[in-house]
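S.K.: Questions regarding the structure given below will be posed in turn.
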Amino acid sequence: MMVLRTQKVRLYPNKTMQKVLDDLCDYRRYCWNAGLALWNELYEESLILDDKRLRPNEYKVRNELVANKADWQYRFSARCLQLAISDLNKAWKNFFDKAQVDWGKPRFKSKKAPRQGFKTDRAKIIKGKLRLDKPHGIKHWDDIRMSGVKSLTGELKVVSIYRENGKYWASLPFEV
């Protein structure tokens, strides 16, 4: 039986990587908001036309966003967009699940929220430092120093990286 053990660690990025992390947080928020706007649009269209085949799903929304990607979006990891839309899909499923009464309709994310973050499934731990996947066209790329790591055994899953009160954190889930 596989068990997930999650460790919360503090990240100490240099100035270059701070900018990268901030940009990825902004990009995930952009993807979430664009995906939610498209999802709402497709859902309204399916209700107006009374056609259940037009109902939005994770793949329709993701494919539409990927097809309409702007040039600036290619600087970022494609996985950031895919994981944001996957999380949006989970949020919609939880909203429609009547057993979970406390789930509200997915909302747009604010730039002013105290906690900003993104997820990646391409992170690795190399020599005690966190390594993110390097986008094309970037010359200077560093691994990120971290503290609070107890043991690094097992396979690393989807890592959540977030900024809260000016400090950077990562949740490292290991499958043991």
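The values are calculated or read from the model by the stated rules, or taken from the named source; none is laboratory data. Just so it is clear, the structure is predicted and the values come from calculations on it, not from any experiment. Every residue, glycine among them, receives a Cβ derived from its backbone with ideal geometry; neighbour counts consider all protein chains shown. Areas reflect the complete protein model, heavy atoms only, side chains present, ligands, DNA and RNA absent. Shrake-Rupley method; radii C 1.70, N 1.55, O 1.52, S 1.80 Å.
S.K.: What tally of residues in the range 55-65 results from selecting those that are assigned to a helix (DSSP H, G or I) and either surrounded by 18 or more Cβ atoms within 10 Å (Cβ to Cβ) or among the small types (Gly, Ala, Ser) (or both)?
M.R.: 4
S.K.: Since Leu11 meets every condition but one in (1) open to solvent by 60 Å² or more (accessible area, probe 1.4 Å); (2) under 25 Å from His136 (Cβ atoms); (3) not in a helix (DSSP H, G or I), which condition does it not meet?
M.R.: If we test Leu11 against (1) open to solvent by 60 Å² or more (accessible area, probe 1.4 Å); (2) under 25 Å from His136 (Cβ atoms); (3) not in a helix (DSSP H, G or I), just (1) comes out false.
S.K.: Take the residues in the range 66-75 that are not in a helix (DSSP H, G or I) and not aliphatic (A, V, I, L, M), then tell me which one is surrounded by the most Cβ atoms within 10 Å (Cβ to Cβ).
M.R.: Going through the qualifying residues, I end up with Lys69.
S.K.: Considering only residues that are without any contact (Cβ under 8 Å) to a residue 24 or more places away in the chain and within 20 Å of the chain's Cα centre (by Cα), which ones fall in the range 8-36?
M.R.: Lys19, Tyr30
S.K.: Being out of contact with any Gly (no Cβ under 6 Å at 6 or more places or on another chain) and within 16 Å of Tyr43 (Cβ to Cβ) is the filter here, so list the residues in the range 66-89 that pass it.
M.R.: Asn89
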